[in-house]
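For reference, the structure is listed below as C-alpha cells.
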Amino acid sequence: MAECHPVGYQWVMEARARGAKVFHIDPRFSRTSATVDRYLAIRAGTDIVLLGALINYVLSNGLDFREYVLAYTNAATLVNKDFRDTEDLDGLFSGYDEETGRYDPSSWAYEGDVPEEEEPVEGGGHHAEAAGSDSYGARGAGASATPPADPTLTNPRCVYRILKRHYSRYTPEMVEELCGIPPERFHELAEAITANSGRERTTAWVYSVGWTQHSVGVQYIRAASILQLLLGNMGRPGGGIMALRGHASIQGSTDIPTLFNLLPGYIAMPHAHRHDGLDHYLEREGADTGWWGNRRAYVVSLLKAWWGDAATEDNDYRFDYLPRLTGDHGHYATVMGQIDGTVKGYFVVGENPAVGSANGKAQRLGLANLDWLVVRDLMLVETATFWKDAPEIETGELRTEDIGTEVFFMPAASHVEKEGTFTNTQRLLQWRERALDPPHDCRSDLWFFYHLGKRIRRRLGDDEIDRPVKELTWDYPEIGEQRDPDAEAVLREINGTGPGGRLLASLRELKPDGSTSCGCWIYCGVYADGVNMAARRTPHTEQGPVALEWGWAWPANRRILYNRASADPQGRPWSERKKYVYWDAGKGRWVGPDVPDFEEDKAPDYVPPEGAKAQDALAGTDPFIMQSDGRGWLYVPSGLSDGPLPAHYEPHESPVRNALYGRQANPARRTIDRPENPYNPALSPRFPYVYTTSRLTEHHTTGAMSRPLPYLAELQPEAFCEVSPRMAEELGLENGGWATIVTARTAIELRVLVTGRVRPLRLNGRTVHQVIMPYHWGYSSGGVITGDVVNDLPSIVLDPNVYIQESKAGTCDVLPGRRPRGTALLDLIERYRHG
Amino acid sequence: MAERMGFFTDTSICIGCKACEVACKEWNQVPDDGFVFRATSYDNTGALGASTWRHVAFVEQDGRWLMSSDVCKHCTHAACLDVCPTGALFRTEFDTVVVQADVCNGCGYCVPACPYGVIDRREDDGRAWKCTLCYDRLRGGMEPACAKACPTESIQFGPLDELRQRAAERVERLHADGRTEARLYGENPDNGVGGTGAFFLLLDEPETYGLPPDPVVTTRDLPAMWRWAGGAALALAAGVAACFLGKRG
C-alpha cells in the first residue's frame, strides 16, 4: 500500500501512531513491509491456506462473534443433502464434470431450494460458460429468503459445520509447509486479529491485485469475507475488506462498466440464447427477495435513459436493442479472436495491453492481425507502436511490411484538461474541474465517443439494424470552442429523472413502469435536487468524521455498506466504542452519523409477511440487504463457478505439490491451450523458481505516464528483478548485473538487485526461491527509459468467475547474463519447451 | 528578520515514496540527474548534488529498511556562505541559506567548504546549486514543495523553535515505546555548525545514512588562521623592513 498508494497510506501511518497494529503479508518485502509492526513473507499463490488457517483458528477456538454470526450470516442455514465437500472428494466439490472442467452448482444450493433448470439452448450453454459469476453472484441469485436453518449449529449440514470441517486441515503446520510462515508468526497474527474483533474492536483487511490476479482470485476475497463475517467485522466502523484499485476511478469503471458482461450498476448483460424478452430476462437473472427484487425498476429506468421516448411498455422499453452475449467476450477471448481473425477492429482507451496484459506476445500477435486499431492515450504507447518496435520484430516473428493493421492514434486529454468524476475504492464520487483546455487535437474520452457517435448517426440509413443507434438519446449540450459535451449533463442523466424531467433524489424513486429514467441505479441521488453532490467540498472542520458532505458515495451517500450490522439484532450499538448506526425507538428510525444502509423506518422486530418481495421480504435483523436472504454468505449456494467455499489450489504453474488435496490446481480454472500460450508444466524442474510481478512507487502501471517523465524515470531507470543473496550466489547473479528470466512464453533480461529483503522460503525441508519483478517497462511509450516487458512472461490462465489472469504467481528459470538476441531467443525458448 | 524557519525530517515515518525529490524538482525546475541503475537498494539518484536537492536514502539492514530524505542543512554557521566571494550565497530573512543563480560566478569555493557535501556545481553551467528551502514559496507564504508533497508528514516545515520542541517530544514518545535507537541529528545549537536549520530524527548512527557524525563548519578556524597569517605577515614585513633598515644602517 505504501508502494502503490502512498497518499492513502498516510492514514495507515496515522492509525499506527494511534496504536493500531499493522501486519503486512506479501511475497515481497516492500516499502509497506518497512513501515509496519510485523511483516510476514508468504509464497506467492498460497493465501487461501493462510486465510483458511485463520478461519480454522477462529472456529476451533470458538472465537467467532457468535451473536453476530447467528443473526447476520448464513451459518445456521442447511445445505442440500447432495452437497459434497472437498474433504469428501479430495479437492473437488460435488457437481464436477471432468470432461468439460466445469461445475454444475445445483447440489450446492440451500436445502429446499429447487435448482434452476438450465434449458439446453442452441449455441448457448450454462451460465458459467457464458459469463461466470460476475453477472450473477452480484445479485445473490437463486436462494430463498428464509431457508431451513439450525440455530443450534449442530446439524452436520448447516453451513457452520460444513465450514468447520472444510477448514479442519488448514493448520499452522500446513501454513508453514505451503506458505513458508513459521507457526509462531501465524499465532501472533491469529491472536492479534481475534483480540481486535468483537463488540469493542474491529479489524480491517486491505488487499490489491496481489489477491485478485490468480486462478483462484475470487476465492481469495471470499476467504477474507468468511473471516470478517465470523469475526463480526462487516458493516461496522473500522472493519471491512478494502480493495485497493490499480488506477484512478477503476471503481467507477466497474460501476458504469467497461466490462463485457455487465450493464451499469452490476446488472447482467443479456445473453443471446438464454433470454428472450425483458420479462424472461428479469425472471431468470436474480432473486425476487432483497433489493435486487426491484431490478425491473433499475433495468427499465436504464433503458429509458438510453432510448428515451422510443422506449415504451409496448416495445419492452427497447430491451431488444441491448447487445447480447454469446459467450466469453473478455479481454483474453478477444485477443484469441484477433489471432484467429474473427475480431477485426479494436478500441484501446487508456490501456496498454501490449505491455500490461499477460503473455505480451499473444497480445501483439493479435494486434498485428487486425484490420484497424484505435489507440487513445496521452503517449504513443507500445500498443500503438508494436508494428515497428515489438520484440517480435527483432526475432523475425513479425515483419513491419507484413502487418496490415491500420493504427489510428488519438491524443487524449489529461485529467486536468477535462471535467468529470473519479469514483474511488470507497465508492466515493469526487467531481473535478477542468483547469485548462486540452492542447491541439487532444480531447477527452467523452468528447471522442460523443462526436464519434454523432458522426456515425449521421451516416446511418433506415435499416432496422441501425435503429438502436439512431434512437439513442444522444443530445448533450456542447460547450466552448472544442464543443465538449457537458459532463454535468451526463451526470444528470446517470442520476436520473422523473416525470417532467425532475431530478431524482433517491433510488427508491425508481419505477418499473417507464415513468423514471436513470443511467445507473446505484448512482441515483448524486445530482439530487439539482445539486452536483460529487462536487461538495465541506472541510473536515465543518462536519463530523464520517464527512457526509465531502463528495458523494453510492448508494445514497452511505459511507459504510451494510451498516445495519453495526447494531445488534435489537438495534442497539454493539458497544459504546463502536457505536455507529442504531435504532431510535422514540423516533421510530435508524440514526447515527452515517446514512443507514437500511429502510430508515424498518424496525428491528419487523417480520416479513408470507410471500413478501424485494426488501419487504427481509426481516428487521437482515443487514445484508442485497442478498436474497439478507445474510452475509459464509457459504455461497449459487453464483460462483468454482465452489461454494474457498479451497487452496496451487497456481497453475507451481513448483510445489498441493499438500491439501489430490487436485493440484483449481479444477475449474480456464486454460487457453494454444500454441501462442504454452504453459510451464507444474512441478517442472526446468522452471524451479517462483516469480511474482509488482509495482513501484516511482512508476505507474506500464510506465506510459511515468517513463516519459525524466523526474520519475531517473528514480527507477531500468527494469530489474529482486533476488535473495543466496539465490544470487547459487546462480552466479551479480548485483547490478543482468539476469535472463525464462518461461515457456519467452525470456526477458533484467538488471539484478540482490537484496536481503527477499528471503528463500523453507517449505517442508526444501528451499523455494522467489523472484520479484516490477513490470513498468516496455520498448517505447515515448520513454526516456525502456526495458524488457515483464508481462511477456506470465501465461494466460484465468480465474473461472471473472476471467482475470494469474500474473501474481508463476514459475520460471533464471540464467545469469543477458538474453540471446534475434532467432537465438526463439531457439532458447524452444529448448525450454521441449527440453 | 522573520522567525527562523526550517525542516524537521522524521525518518521514522518516511515511506520512501520520493515525492519530496520530485516535488522539489518540479517546483524549482531542477534538471534530471541522469538515468543510472545503481543497484543500491531503491536509490538511483545517489546523493545530494547540483541537480538533486532532496535525496531519499535507502538503507537495507537485517529485517529493517531505513528510509531518510536528506536536504541542505541551512547551518547556523554556514561555511559556503562564509567563503563565497561574490555574495551569491546569502542568508535570507528566514535565516536560510540561498544561492542567487544570477550572481554566482561558478568559482566553486563553496563546494569543498560544505561539511555535509551538499552544495555542488552543475557540470554544464558551472554554477553552484542547492536547496533554497523554497525561498520563493516562503516569500509567498507557502511551505516548501517537499514538505507540501510529503504524504506522511515525515518532512515538517515550520519555525525552528517549534520544530525542535516537536522533535524532542517525538523522540521521547519513541523512547517510551521502546525504540531507544531514535535520536536527533543536527538540532543542537552547540554542535560544530551551531545547529542546523534542517535537522533529522534518525533510527541509527548518522554514518548509516551517509551523514557525517560530527560535522564542523570548515571556516571555524578561519579567524585564528587569519590571526596567525596576519601575525606571520607582520613578522615578515618587520623582517623585510629590518633588512632594509639594517642595510641603510
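Over the alpha-carbon set of region A:594-692, work out the extent along each principal axis and list the three values in angstrom, largest first.
On the principal axes, region A:594-692 reaches 64, 29, 25 Å in Cα extent.
Tell me, what is the percent relative contact order of region A:337-404, built from C-alpha pairs under 8 Å that lie six or more residues apart? Show your work: numbers first, answer last.
Working: 83 pairs, mean separation 22.7, N = 68.
Rounded, it is 33 percent for region A:337-404.
Along its three principal axes, how long is region A:1-41 when you only count alpha carbons? Whole Å, largest extent first please.
Principal axes ranked by extent give 27, 19, 11 Å for the Cα atoms.
What Cys residues in chain B are without a partner cysteine, judged by a Cβ distance under 4.7 Å?
B:Cys14, B:Cys17, B:Cys24, B:Cys75, B:Cys84, B:Cys104, B:Cys107, B:Cys114, B:Cys134, B:Cys150, B:Cys243
Enter the Cα centre distance for the pair region B:87-130 and region A:237-288, rounded to the nearest angstrom.
Region B:87-130 and region A:237-288 have Cα centres separated by 60 Å.
Treating only the Cα positions of region B:50-95 as identical point scatterers, give the base-10 log of I(q)/I(0) from the Debye formula at each q in 0.14, 0.16, 0.22, 0.27 Å⁻¹.
-0.54, -0.63, -0.87, -1.04
Give the shape of the protein assembly as shown as rounded, prolate or oblate, defined through the alpha-carbon gyration tensor: a ≥ b ≥ c are the square roots of its eigenvalues, a/c under 1.5 means rounded, and otherwise the shape is prolate if a/b is larger than b/c and oblate if not.
Details: a/c = 1.68, a/b = 1.64, b/c = 1.02.
Cα axes put the protein assembly as shown in the prolate bin.
Working from the pairwise distances between different alpha carbons, so that the mean of 1/r is found and then inverted, what is region B:1-117's Kirkwood radius in Å? Could you put the intermediate results ahead of the total?
Details: mean 1/r = 0.0628 Å⁻¹.
When all Cα pairs of region B:1-117 are included, the Kirkwood radius is 15.9 Å.
Along each of its three principal axes, how wide is the spread of alpha-carbon positions in region A:670-834, in whole angstrom units, largest first?
Projected onto its principal axes, the Cα set of region A:670-834 covers 43, 36, 36 Å.
Can you put B:Glu169, A:Glu67, A:Glu471 in order, fewest other beta carbons within 10 Å first?
Numbers: B:Glu169 10, A:Glu67 14, A:Glu471 17.
Ordered from fewest to most neighbouring Cβ atoms within 10 Å, B:Glu169, A:Glu67, A:Glu471 come out as B:Glu169, A:Glu67, A:Glu471.
Arrange the following residues from fewest to most other Cβ atoms within 10 Å of their Cβ: B:Phe94, A:Phe408. Display every interim value, and only then the final one.
Numbers: B:Phe94 21, A:Phe408 11.
If I rank by nearby Cβ atoms, fewest first, I get A:Phe408, B:Phe94.
Tell me the relative contact order for chain B as a rounded percent, counting alpha carbon contacts under 8 Å between residues six or more apart. Mind dumping the intermediate values first?
On the way: 453 pairs, mean separation 62.5, N = 249.
Value for chain B: 25 percent.
Could you tell me the calculated FRET efficiency between B:Gln100 and B:Ala232, based on Cβ-Cβ distance and R0 = 41 angstrom, to the nearest 0.05? Don't jump to the answer; show the numbers that get you there.
Details: r = 35 Å, r/R0 = 0.85.
Plugging the Cβ-Cβ distance into 1/(1 + (r/R0)^6) gives 0.70.
Given an 8 Å cut-off on Cα distances and at least 6 residues of separation, report the relative contact order of region A:534-586 as a percent. Show your work: numbers first, answer last.
Values: 49 pairs, mean separation 12.2, N = 53.
Relative contact order of region A:534-586: 23 percent.
Measure out, as a whole number of angstrom, how far apart the alpha-carbon centroids of region B:152-227 and region A:83-111 sit.
65
With respect to the cross-link table entries A:Lys304/A:Lys613; A:Lys164/A:Lys808; A:Lys304/A:Lys418; B:Lys73/B:Lys130; A:Lys21/A:Lys578; A:Lys304/A:Lys602, which display a Cα-Cα separation exceeding 20 Å?
Numbers: A:Lys304/A:Lys613 24 Å; A:Lys164/A:Lys808 29 Å; A:Lys304/A:Lys418 27 Å; B:Lys73/B:Lys130 10 Å; A:Lys21/A:Lys578 18 Å; A:Lys304/A:Lys602 31 Å.
As for pairs spanning more than 20 Å Cα to Cα, those are A:Lys304/A:Lys613; A:Lys164/A:Lys808; A:Lys304/A:Lys418; A:Lys304/A:Lys602.
State the Cα centre-to-centre distance between region A:756-778 and region A:702-741 in whole Å.
Centre-to-centre (Cα) distance: 14 Å.
Students often forget the sequence filter, so: which aspartates and glutamates lie under 12 Å Cα-Cα from A:Lys81 once same-chain residues fewer than 8 apart are removed?
A:Glu111, A:Asp113
Could you work out the Rg to Rh ratio of chain B, with Rh taken as the Kirkwood radius (inverse of the mean 1/r over all Cα pairs)?
Numbers: Rg = 21.2 Å, Rh = 19.6 Å.
Radius of gyration relative to Kirkwood radius: 1.08.
Going by C-beta contacts inside 10 Å, put A:Asp799, A:Asp462, A:Asp88, A:Asp328 in order with the fewest on the left. Could the numbers behind the result be given before it?
Details: A:Asp799 26, A:Asp462 7, A:Asp88 11, A:Asp328 19.
The most exposed by this proxy come first: A:Asp462, A:Asp88, A:Asp328, A:Asp799.
Using only Cα atoms, tell me the angle between helix B:222-248 and the longest principal axis of chain B; keep it within 0 to 90° and round to the nearest 10.
Roughly 10 degrees between the two axes.
Values quoted throughout were computed directly from the atomic coordinates according to the rules given, and no laboratory measurement underlies them. All of these numbers come straight from a predicted model, not from anything done at the bench. Methodologically, a virtual Cβ is constructed for each residue, glycine included, from the backbone with ideal geometry; neighbour enumeration extends over all protein chains shown.
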